[in-house]
Amino acid sequence: MSQRLSTYTLQLLLYGVLATPLVLFAVYAFSERWFFPALVPQEWTASPFARLLSDRRTLQGLGESLSIAAAASLLSLAISFPAARTLGLRAFRGRQAAWLAFFVPTVVPPLAIGMGLNIFFLQIGLAGSMLGVTLAHLVPTLPYTIFTLSSVFARYDENYEHQALALGANPVQIFFRITLRLVFPGLVVAGLFAFLISWSQYLLTLLIGGGRVLTLPMLLFSSVSGGNPASIAALSLLFVTPPVLVIAATARYLGQHGAAVQEQY
Amino acid sequence: MKRYLSLLILFSFLLSACSGVVQSRSTTFDLNDWDSVVNAAKGQTVNWYIWGGSESINRFVDDFYGKALKERYDITLNRVPVADTVDAVNQVLSEKEAGKDPGAVDLIWINGENFFTLKQANLLYPDWARKLPNSALVNWENPAVNLDFGNPVDNLESPWSSAQFQLIYDSARMQPEDLPRSYTELKEWVVQNPGRFTYIAPGPGGFQGTRFVKGALYEISGGAEPWSAFDQATWDQWSPQLWGYFNEIKPYLWRQGETYPKDENELHSLFANNEVDFSITQAIVGAGALIEQGLVPETARAFVFDQYMIGDFNYVAIPANAPNKAAALVLANLLLDPELQAAQILPENGFGLGFGIDVNRVTDPEDKALLEAAAQKLGQAATPAEDLASSLVGDTAPQYQSLVEEGWRQYVLQGQ
Amino acid sequence: MRKRVLSSPWLRLAPALLVIGILFGTSIVYGAGQSLGVMAAIGQQEASLDAYRNVLTGSGPAGREFWPSLGFSLWISGASTLLSALGALPVALWLNGRRGQSQQKETLALNWNLAFPHLVWAVALLLFLSQSGMLARLAAFFGWVQTPADFPVLVRDRLGFGIILSYVTKEIPFLALIVLAVLRSQPENYAVVAENLGANRWQRLRYITLPQVLPALTAGSLLVFAYVFSAYEVPAVLGVRYPRALPVLALDFFTNPDLSSRAEGMAISFLIAIIVILLAVISIRQNKSIGET
């Protein structure tokens, strides 16, 4: 009985903690002039949302956030694919060193990376551009795609490729028909992490973008200092929607690789 | 290791070589020939770095200036919202550090402290403000206009609007006759109503807090005049009493002064939720624009002390490495346009700062009527104009800014 | 496949190494240069340790605030990490005890936590727990408090409880998933054998389960600590004016227009990095198995 009870308590806690923010945002986003001690808003209105969506900046922020996160995760996947395969399948001298080279950027604060890159990118003309911000996002995303994919490749059986080769398949066919299919779930999870890391990145965007690259975290931060709870809540809802959709779409792969590293997020 | 390093350097050179040739758009104009400026500006995009913390100001800028620029001059406005003006200044400084010209910033809504920084570093586009056609409407003889934080404007920036420090109370909670009218009275009120008052932490992003502290400095030292020029001895003489005042009220503040709101909006939120009884604003419409935005209750009203309410003009400046100087000049001129000046003070437009021009210099009868009508419509949430005028004083010399901010952190916040 | 043997593993690692090397390498070189006050365009060529001296022993604004900030940062990261690890264990054990559908469902629920970036999470906490937030309104509704001041200070408090709470609720799912993965990969035989030998639940936990999950939990905790210690968003939203977390302090100095102040900000962020890396090295040495995660 007590076991039952504690299970229910834990379940309630788990779902409660996850649902509360969404409910909270939804209520605040449709309120106006809702001050203490009123428990429910005196007036319900969609005007915070209307304001948010009619603001050119919001759509621009959404667009820039999506493009940067998509570009950063695709680039990460492409660059880390050969590296992860090697790290996962081969034993070679210096493997530890290579592993360390990818590990160190994950513990160095984005703050330090952003401050240094800021000057370098200014000199080569990348500061304040979407390309510059995307490249900067690679510093935190790349290690995670490499680690996730190399753990996938560590369980990968190369014999399928050998067989295909013996049956006369060419390398391109092997890549698309065998390799890609076998590692696809891992690829999706790695891509998801890269997307989420880039999506939530504030400091690197601020320091490299110099205010000209406007992603949703930038807008949310400025809205938080703007102090209007309705606008903050509406923007927060908009901000979590794409991750929610992406996670929902990839949920079945997440189950298989759920414990992969998901920090910095 | 050395080999890798040289490889790295080589690569960065290659990268910079590739991207160095991106843009070299040169549009020539002669500042003394305004038509040439307008022609050069045609089709340009002006990157205006502007404090983005207020949604209603953002909307006002886009709706009024953005539209007018496009329609009248074929210029695209790119409003770049920054959390603090310092961010724009940093952008210019970083560009200087990296030797980048043209840079990214065309126009900055600047305050006295940052103007001082850029002026000292020689990073401002020189000799333009009084050459704008609309600059004839500006009263350049007024020391409040030709000095910014006591620092000569020197034709390096052009005014946009005016503002004055005020307090806000809720007329549903308090009566006008119960309001404190000086720092001395405020202290009594705070002691009698523990936990019901706080002010914005002075510092970057909290310049209203800095003003609040400076006002106390004026009252304690008995006048604003000594502070218009920098003198270390004067500071050393009065600053201990200043920190004394704030440390004496500290135990009676909201949360016993262990922390303070970071910016104006955080204080508005405390005020709106009945956590404290006063807020702070700079707007000439008082609480009007804040009510419009739903940040404070509709019963909120502005008021001032009898003396030492610091007011000043807001300016825009152009960095020396601005990529689109012509468009920036056109925008700076547009800001002084009588029609838009009238629009900016109306509470419903959400900007709410005062005129940058002198209404008496406007000759066009239609414009003049427009401006005078706008001045009548400030609404009941504004401080009466005669109260504003009688309590108005100028800001201190710029050197006091960091002394006040750092001193407050050290002696009041950290209590050392 | 034979041909592949010829290609060196380094060739396949090259793109990733190059990208990390250039971006990360230059950021470190430039950052170090700036923290040492070497800024070519300004004309200052000589390196000096002034910024570090100001931060570590100075009597200026940076020196006055660095040590309290360091203490504060260590406190919030230490407490967040410890509480997350302690909280993750029971959650993982509970989930591991459940079977089939319900287990999958809840594991998925843990993953949903990913949808909330730290910034959003902190904002939600602020709306929920501030003195005029949702919880305070509920309390007022039931008549437990009259004014916001009666409600306890749960966020934006001087001891950083709000910050810690934000991290703990966010990191427990993360660590629980790591522990769960280890538990699932373990054969149950040990526990069965132990049970047959008469070990009670507590003994099984203490002598079988804990040693199994501890390496992974330590590694995960290290990541949590490194993250919390160097993250900016949450302490910026949920912190107070003083003391400030180190990253907040660093960015504040870095964005100060005074150029010497910028070097100090850079120096602080380097000190953060050095502390985190030192910690990583120490725990990797103590726990070789981290490399295998």
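The values are calculated or read from the model by the stated rules, or taken from the named source; none is laboratory data. No experiment lies behind these values; they were computed from the predicted model shown. Methodologically, a virtual Cβ is constructed for each residue, glycine included, from the backbone with ideal geometry; neighbour enumeration extends over all protein chains shown.
Some observations on this one:
- Residue check: A:LEU138 meets all listed conditions (1) at the interface with chain C (Cβ under 10 Å from one of its Cβ atoms); (2) farther than 30 Å from C:ILE28 by Cα; (3) not aromatic (Phe, Trp, Tyr) but one, namely (2).
Okay, residues lined up against (1) buried (at least 24 other Cβ atoms within 10 Å of the Cβ); (2) facing chain C (nearest Cβ under 8 Å):
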{"site": "A:ARG57", "(1), (2)": "no, no"}
{"site": "A:ILE79", "(1), (2)": "no, yes"}
{"site": "A:ALA83", "(1), (2)": "yes, yes"}
{"site": "A:PHE92", "(1), (2)": "no, yes"}
{"site": "A:VAL107", "(1), (2)": "no, yes"}
{"site": "A:GLY114", "(1), (2)": "yes, yes"}
{"site": "A:SER129", "(1), (2)": "no, no"}
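- Sole residue being at pLDDT 95 or above and crowded, with 19+ Cβ neighbours inside 10 Å, chosen from B:GLU188, B:GLU157: B:GLU157
- Restricting the stretch C:206-231 to residues that are among the hydroxyl-bearing types (Ser, Thr, Tyr) and surrounded by 23 or more Cβ atoms within 10 Å (Cβ to Cβ), the residue that is nearest to B:GLY205 (Cα to Cα): C:SER230
- Elements of type helices (runs of 4 or more DSSP H) contained in the stretch B:25-140, each with 2 or more residues being among the polar types (S, T, N, Q) and more than 30 Å from B:THR363 (Cα to Cα): B:55-60, B:85-97, B:112-120
- Taken together, the residues in the stretch C:125-176 that are among the aliphatic types (A, V, I, L, M) and farther than 25 Å from C:VAL228 by Cβ amount to 7.
- If the condition is being free of Cβ contacts under 8 Å to residues at least 40 places away in the same chain, more than 7 Å from every other protein chain (Cβ to nearest Cβ) and part of a helix (DSSP H, G or I), then the stretch C:110-135 contributes C:LEU129, C:LEU135.
- Scanning the stretch B:286-330 for residues that are among the hydroxyl-bearing types (Ser, Thr, Tyr), crowded, with 22+ Cβ neighbours inside 10 Å and closer than 30 Å to A:PRO41 by Cα turns up nothing.
- Here C:THR81 clears all of (1) crowded, with 17+ Cβ neighbours inside 10 Å; (2) within 28 Å of the chain's Cα centre (by Cα); (3) modelled with pLDDT under 90; (4) not basic (Lys, Arg) except the condition numbered (3).
- Hey, A:LEU196 modelled with pLDDT of 90 or more, within 18 Å of the chain's Cα centre (by Cα) and within 9 Å of another protein chain (Cβ to nearest Cβ) or not: yes
- Of the residues C:ALA267, C:ALA250, the single one that is assigned to a helix (DSSP H, G or I) and either in contact (Cβ under 8 Å) with a residue 60 or more places away in the chain or over 22 Å from the mean Cα position of the chain (by Cα) (or both) is C:ALA267.
- Hey, C:ILE172 in a helix (DSSP H, G or I) and either surrounded by fewer than 20 Cβ atoms within 10 Å (Cβ to Cβ) or more than 8 Å from chain A (Cβ to nearest Cβ) (or both) or not: yes
- Checked against (1) part of a helix (DSSP H, G or I); (2) more than 17 Å from C:LEU18 (Cα to Cα), A:ARG93 passes all but a single condition, namely (1).
- Counting only helices (runs of 4 or more DSSP H) that sit completely within the stretch B:351-411, those holding 2 or more residues that are within 14 Å of another protein chain (Cβ to nearest Cβ), over 19 Å from the mean Cα position of the chain (by Cα) and under 30 Å from B:ALA233 (Cβ atoms) correspond to B:399-407.
- For the stretch A:242-255, the criterion of being modelled with pLDDT of 90 or more and either within 14 Å of chain B (Cβ to nearest Cβ) or crowded, with 22+ Cβ neighbours inside 10 Å (or both) is met by at least one residue.
- Single match in A:LEU39, A:LEU13, A:LEU59, A:LEU24 (criterion: assigned to a helix (DSSP H, G or I), free of Cβ contacts under 8 Å to residues at least 60 places away in the same chain and not assigned by TED's automatic domain parsing to the domain that holds A:ARG212): A:LEU13
- Where helices (runs of 4 or more DSSP H) fall entirely within the stretch B:222-337, those with at least 1 residues that are within 21 Å of the chain's Cα centre (by Cα) and not basic (Lys, Arg) are at B:264-272, B:288-292, B:325-335.
- When the stretch B:217-230 is filtered for residues that are surrounded by 11 or more Cβ atoms within 10 Å (Cβ to Cβ) and modelled with pLDDT under 95, the ones remaining, listed by number, are B:GLY223, B:ALA224, B:GLU225, B:PRO226, B:TRP227, B:SER228, B:ALA229, B:PHE230.
- Considering only residues in the stretch B:360-412 that are over 26 Å from B:ILE168 (Cβ atoms) and aliphatic (A, V, I, L, M), the one that is surrounded by the most Cβ atoms within 10 Å (Cβ to Cβ) turns out to be B:VAL362.
- Test: residue in the stretch C:191-210 that is within 14 Å of chain A (Cβ to nearest Cβ), under 29 Å from A:VAL108 (Cα atoms) and not polar (S, T, N, Q): no
- The single condition among (1) surrounded by fewer than 19 Cβ atoms within 10 Å (Cβ to Cβ); (2) of a type in the set (Ser, Thr, Tyr); (3) within 13 Å of chain B (Cβ to nearest Cβ) that A:TYR160 does not satisfy is (3).
- Residue match in the stretch C:233-249 (condition: in contact with a Ser or Thr (Cβ under 9 Å, 6 or more places away or on another chain), away from chain A (no Cβ under 11 Å) and of a type in the set (Ser, Thr, Tyr)): yes
Table: residues versus (1) more than 9 Å from chain A (Cβ to nearest Cβ); (2) closer than 30 Å to C:ARG184 by Cα.
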position: C:SER69; (1), (2): yes, no
position: C:PRO90; (1), (2): no, yes
position: C:ALA140; (1), (2): no, no
position: C:TRP144; (1), (2): yes, no
position: C:ILE164; (1), (2): yes, yes
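- Subset tally (residues that are surrounded by fewer than 12 Cβ atoms within 10 Å (Cβ to Cβ), facing chain C (nearest Cβ under 10 Å) and not hydrophobic (A, V, I, L, M, F, W, C)) for the stretch A:10-45: 0
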